[in-house]
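S.K.: Structure provided below as structure tokens; questions to follow.
Please treat every number below as a calculation from the coordinates, not as lab data. Source: prediction; values computed, not measured. A quick note on method: Cβ atoms are made from the backbone with ideal geometry, for glycine too, and the neighbour counts reach across all protein chains shown.
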Amino acid sequence: GEETPEEREFQDRIDRGEKIEPKEWMPAGYRKTLIRQISQHAHSEIVGQLPEGNWITRAPTLERKQILLAKVQDEAGHGLYLYSAAETLGISRDEMYEQLHSGKAKYSSIFNYPTLTWADMGAVGWLVDGAAIMNQVPLQRTSYGPYSRAMIRICKEESFHQRQGYHIMMKMARGTEAQREMAQDALNRFWYPALMMFGPSDANSVHSEQSMAWKIKINTNDELRQRFVNETVPQAEFLGLEVPDPDLAWNEEKGGYDFSQPDWDEFFEVLKGNGPCNKERLGARVKAWEDGAWFRDGLTAYAEKASARRAA
Ligand code: 3HC
């Protein structure tokens, strides 16, 4: 429809690079898109604890266990931080949880893949957190104030996560032959799922155009995927590992690598709930929520009693 004066003024503010703050006027579509993206991002952090949580009890040394625990705890923190940012847009945390637990809300496809060996902890840190940072560094400049500020802190922690993953890969790649094979196998399994994290190709990305006009997104999915490949391939070479793509080749003209696309049919199946671990992941979240009900009830009852006592 026709652009209203309010919408015009809003777009001008975005174009000038101003941040939009919670109580200010915004188009309903802007609010809705942000709630969708920020809550999906929060859910990704929360569900993202599960594949790594799988290895806390089996970390090879006390030091590795401490590091992994801290990383998983950081992810819980990022999730809570992002839920708070989404709440400033007028959705409640209960509603967001309900959307996650009922399977209505998405979370990143990557967390529906299993973590089979210790080398996967390296690959997840290196590739998954690496892809996450590639997407999140530009989001520090996103137009919505609370989301932008959340990203600044989150990115600092993510870059530590990425380095710890790469460090594990370095140890494994330069360890025994069996360890090197484990590292290569982890790279083989996580490469294409990591490429999928950036979302469908630009041609199939429904939200990109509007989200970029509103500066909710800063780059297209394909731009970030290309950037990720460009940065990651030399890192794989340094490890002496091989990226599982026979068509990978440096393209001088574009100043980047040519590479194979992931299997997009697989991606859309994972989004529909049919990935290798979708049911397990969602089941674990729902169970945690239900198992915690007695505790939430207790807290609420206690708070009500305490406030009744104060009122008396
Ligand atoms: N996994 C699951 N769903 C995905 C997806 C993925 N990798 N990529 C895209 N989708 C979904 C979109 O959510 C959208 O579905 P919807 O309309 O039902 O919401 C649909 O596929 C179409 O894709 P679009 O490209 O149109 O969607 P967006 O414009 O939202 O772009 C995005 C997708 C690039 C992921 C964008 O939402 C984004 O930048 N989000 C913020 C970052 C984020 O969520 N990161 C999660 C990564 S993991 C993480 O951070 C945890 C860390 O600890 C590792």
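S.K.: What does the charge count near Tyr97 come to, summing +1 for each Lys or Arg and -1 for each Asp or Glu among other residues with Cβ under 13 Å from its Cβ?
M.R.: -1
S.K.: Report, in deg cm²/dmol and to the nearest 500, the calculated mean residue ellipticity at 222 nm for the chain, where each DSSP H run with n ≥ 4 adds -39500 (n - 2.57) and the sum is divided by the residue count.
M.R.: Rounded to the nearest 500, it is -21000 deg cm²/dmol.
S.K.: Averaging sequence separations of C-alpha pairs under 8 Å and six or more residues apart, then dividing by the length of the chain, give the relative contact order as a whole percent.
M.R.: Reported relative contact order: 19 percent.
S.K.: For a Förster distance of 22 Å, can you work out the FRET efficiency between the beta-carbons of Arg58 and Val286, rounded to the nearest 0.05?
M.R.: 0.35
S.K.: Give me the extension gain from Tyr302 to Met212: residue separation times 0.36 nm, minus the current Cα-Cα distance, reported in nm with one decimal.
M.R.: This chain segment gains 27.8 nm when fully extended.
S.K.: Please list, in chain and number order, the residues 5+ apart from Tyr257 or on another chain whose amide H is under 5 Å from its amide H, with Hs placed from the backbone.
M.R.: Asn230, Asn251
S.K.: Would you please state the base-10 log of I(q)/I(0) at q = 0.08, 0.10, 0.11, 0.12 1/Å for the chain, with intensities from the Debye formula using one equal scatterer on every alpha carbon?
M.R.: -0.40, -0.62, -0.74, -0.87
S.K.: How large is the Kirkwood hydrodynamic radius of the range 80-206, counting all unique pairs of alpha carbons, in Å?
M.R.: Computed over Cα pairs of the range 80-206, the Kirkwood hydrodynamic radius comes out at 16.3 Å.
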